[in-house]
Every structure is written in C-alpha cells, then in structure tokens.
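Reviewing the structure listed below.
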Amino acid sequence: MIILLFILLAVFVSISLPIGISLGLATLTTVLFATNIDPIMIAQNSFTALDSFTLMAIPFFMLAGNFMRYGGVSKRLLNLADHVIGFITGGLGMVTTLTCMFFAAISGSGPATVSAVGSFMMPAMKDEGYDGGYAAALTAAAGTIGVVIPPSIPFVIYGVVTGTSIGSLFLAGIIPGILMGVALMFLNYRIAKKNGWSGKGDRPTLKSVFVAVKDAFWALLSPLIILGGIYSGYFTPTEAAAISCVYTWIIGTFVYKEIRKKQLFDCLKDTVVIAGATSFMIGLSSGFGTLLTMEQVPGTVANALINFSSSKLVILLLINIFLLIVGMFIDNISSCTILAPIFLPVAIALDIDPIHFGIIMTMNLAIGFITPPYGANLFIASAVGKIPMEGIIKYIWPIIGTIIFVLLLTTFIPQLSMLLV
C-alpha cells in the first residue's frame, strides 16, 4: 500500500500536477483501492489541519512582505546597507546579502525576498560591472536566508506539523541565519576580488550613515516590534504576523506614501494567490500524513535507520543527503509537511532536540530553493533580472557548497542553534 502511495505521488508530481493535488489524488486513490479506510478521512483531516490559529501567521507574513515590497521599505533598507558596506570590494554583493537578511527579519519568505530585493539590486550590480548570472545567483542564494532568520514561514509549518514551539524555532534560527549571511558575504568578497568588482563610492561618514538610518528608521523598527513582542511574551507568532501587516501597511501608506489603491490591490491579490495554494497543499498533506501514521511508516523508517547504523553522525549525514535530494524536486513547505512526521521520531530516538532538528530540516530544504531542477529562487531571479537560467547555474555551485558548509556546522554543533533557546 505504501509503495503504491509513493509511486502514485511520484507519477503525479512528474506530470507537473500541483503538489497539493498530487498529494490529495495519491492519498485518495490509495485509500479507495488498497485499504478499508473511509475516504472521508482525507476531508476531515484536511479541514482540521487548516482550522488552526497558528497557520494564520502564514498569509499575514506573506502580506507583510508584499507591503514591504510595494511600500518602499525594502528600498530604504537597501539604501542603508549600501551606505554602510557599499564601498568594500564586492560591496554591492554584500549589500544584496545584508538587505536580504533585513528583509527576511520581516517577511519570513525566501521567494518574496528574492523578488523584492532582486528588482533593485540585480540591475545595480550589472551596472557596476558584475556578471548578470552571478548577480542573480547571489540574490537567489541570499533569499534562502529568508526561511532561516526569524520570522520564518517554514518554521511555522514545522511547528504546526510536529507540535514544536514556534517561538523557540524562531530563536534557534537567528545564529544559523546570520552565519549563512556572513558566509555568503565572505564568498562574495573572494569572487569579487578575483573578478575585479570593486566597491562604489567613498567610505561612509557618520553624517551619511545617520541620514540613511533616519530614512530607514521606521523600516528597521519593524523586526524589533515583531521579534521583540514574541520573545518578551506580549504576543504570539500569529499575533506578531498580524501586527507586522498593520505596521508595514501604515508606514508604506502614511510614512513613505508609496502604497496607493493599485499597490494595495496588488499586495492583496499576490497574497491570496500564494496563500491559497499553500493552504490547499497543507490541508491535503495532512490526509497524506495521517495515512502514513495509520500504517506506522514513521516508526518503521526510524527503526530501519537506527538498525542501519548506531552512529548518530552517519544517520544525520544520511538524513541531510536525503533532504537535499528531496529539496531538488519538491518545495520546502510540501517536503516539511510530508517528511517532518517521518523523520522526527528518528531524531528523538537519537536524542536530537526537535527544535535543533527543525533548523536542520529547514536549512536542508531551503537549499532546494537554489538547486536545479526545482530551484524556485533561481526561477524568480531569472525572471526578475531577465537572465537566462544557464547563465545563473554556472555561478550557483560554489554558493551551494558554502551554504552546505554552514548546514554541516549547524548539524554537528547543536549549540549554534540551541544557544539562544
């Protein structure tokens, strides 16, 4: 029955059916022809999964990211980063990475980060002599930080699926996310120096930095309000998402005055389309996961891995390799909803904290954003920068290697993610 379930899922995905429909059809077909389970189980579990206060954080964070993009917030964050480090060798690449880190601390979405920051930075990098393919590859990679630095939509999904504290996951993602950004900036410096891509402008003065900080003040206040409110206990992650929506709309409309009726409509439309597809996927993946649990698949996989090797190191390496391969073909949210219930029992059996495992899983699947053939961030960077995919891919491999290095550090040095928790 399980073989049939996964074969059907693979077939439906391979013929380009949306992942949500693929999950639902594979589950329904298997239930009808290989079990005595009432198919109503799928509908019941799908509805129950979506009837969640916590999941409301996802559309709110998406909408906040769109308000940032259309409301001039990302533009001011970029200007501040440019003032601070734009003069260094490879400065524009570093500005791109740092801006993505700022943006990630509000939107929680990797693709949204690439779209918002890339629309400004990729043309600027090309104007300064950077190769267009490299500019797109770096922007796509920096966008992966968006799902590791809190708040993070995949952390919300993992928390809901596994019953893990979302606030603790947010805390645990801070150091790994910063490490990813620093590693990308170091690699960018080496590549820029080799290719002669120097910085632009003079060293910043105290006055120019003050002016840039003043202009970006309301944008910088947003992550402080969101994360500070969560960690101080004033509001939950879902309430923080709603507050970030209201806050970014207010500063985009009344402070920066860049959100008008058309921009407001575009923000709402983009959010509804993406959140609708995501909710559909999460709901039907719950039915899929319930069937796996009823057939005791998570426990079987856990026992098989533990029997394969008694070494925690070997099993973690196998899980990392498996997740990296899955990320090449299936998006982060789908992979997490399917695989987290399967692999978490393995992690617990190995005495790995569920929060630490959530960081490992999210980082692995985030690399899938920039790994062909799926590579959602690559496609967005290609479309935004009008750069052929083959021009991007030749630059992406050393970047992927750098992020995998940070992933391995995080995997085998738990303190990097658990220190703040």
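The values are calculated or read from the model by the stated rules, or taken from the named source; none is laboratory data. Computed from a prediction, not measured in an experiment: that's the story for all the values here. Note: ideal-geometry Cβ built from the backbone for every residue, glycine included; neighbour counts use all protein chains shown. Heavy atoms of the whole protein, side chains included, go into the accessibility calculation; ligands, DNA and RNA do not. Shrake-Rupley method; radii C 1.70, N 1.55, O 1.52, S 1.80 Å.
Add -39500 (n - 2.57) for each DSSP H run of 4 or more in the chain, then divide by its residues: what number comes out at 222 nm, to the nearest 500 deg cm²/dmol?
Details: 21 runs with 325 residues, N = 421.
The helix contribution divided over the chain gives -25500 deg cm²/dmol.
With the contact rule set at Cα under 8 Å and sequence spacing of 6 or more, what percent relative contact order holds for the chain?
Relative contact order here is 26 percent.
Of the listed peptides 405-417, 166-178, what is their order by residue-averaged count of other C-beta atoms within 10 Å, with the highest listed first?
In descending order of packing, they fall as 166-178, 405-417.
Where in segment 384-421 does the amide nitrogen come within less than 19 Å of the point 7 Å from the Cα of Leu317, taken along Cα to Cβ?
In segment 384-421, the label zone of Leu317 (backbone N under 19 Å from the point 7 Å along Cα→Cβ) covers 401-414.
Could you name the lysines in cross-link range of Lys394, using Cα to Cα under 25 Å and dropping any fewer than eight places away on the same chain?
Lys126, Lys193, Lys194, Lys386
Rolling a 1.4 angstrom probe over the protein heavy atoms, how many square angstrom per residue are accessible across segment 1-154? Don't skip to the answer; put the middle values down first.
Values: 5080 Å² over 154 residues.
Using a 1.4 Å probe on heavy atoms only, each residue of segment 1-154 averages 33 Å².
Would segment 262-331 count as rounded, prolate or oblate if I go by the C-alpha gyration tensor, calling it rounded below 1.5 in a/c and otherwise prolate when a/b exceeds b/c, oblate otherwise?
Oblate is the answer for segment 262-331, as a/c is 1.5 or above yet b/c matches or exceeds a/b.
In whole percent, what relative contact order does segment 146-198 give with Cα contacts below 8 Å and a gap of six or more residues?
RCO, segment 146-198: 32 percent.
Using a Cα-Cα cut-off of under 19 Å, which lysines could be cross-linked to Lys269, ignoring same-chain neighbours fewer than 8 residues away?
Lys261
Reachable lysines from Lys207, Cα under 22 Å, same-chain residues fewer than 8 places away excluded?
Output for Lys207: Lys75.
With equal scatterers on the alpha carbons only and no solvent term, can you work out the Debye log10 of I(q)/I(0) for segment 286-373 at 0.25 1/Å?
Here the Debye-derived log intensity ratios amount to -1.32.
Roll a 1.4 angstrom probe over the protein heavy atoms and tell me the percent of accessible area of segment 1-156 that is carbon or sulfur.
Result for segment 1-156: 67 percent of the exposed heavy-atom area is carbon or sulfur.
Taking the solvent-accessible surface of protein heavy atoms with a 1.4 Å probe, what is the per residue accessible area of segment 343-404 in Å²?
Accessible area per residue, segment 343-404: 35 Å².
From the phi of every residue in segment 252-258, what ³J(HN,Hα) in whole Hz does the Karplus formula 6.51 cos²θ - 1.76 cosθ + 1.60 yield, where θ is phi - 60° and glycine or proline is x?
x, 8, 9, 9, 8, 6, 10
Taking only protein heavy atoms and a 1.4 Å probe, what accessible area per residue, in Å², does segment 238-299 have with all protein chains in place? Mind showing how you got there, number by number?
Details: 3060 Å² over 62 residues.
Counting only protein heavy atoms, the per-residue value for segment 238-299 is 49 Å².
Hey, what's the per residue convex hull volume over the C-alpha atoms of segment 215-364, in cubic angstrom? Please report the intermediate quantities before stating the final value.
On the way: hull volume 23.7 nm³, N = 150.
Convex hull volume per residue, Cα atoms: 158 Å³.
At a 1.4 Å probe radius, carbon and sulfur cover how many percent of the accessible area of segment 211-291?
On the way: 2990 of 4050 Å².
Solvent-exposed carbon and sulfur of segment 211-291 make up 74 percent of the total.
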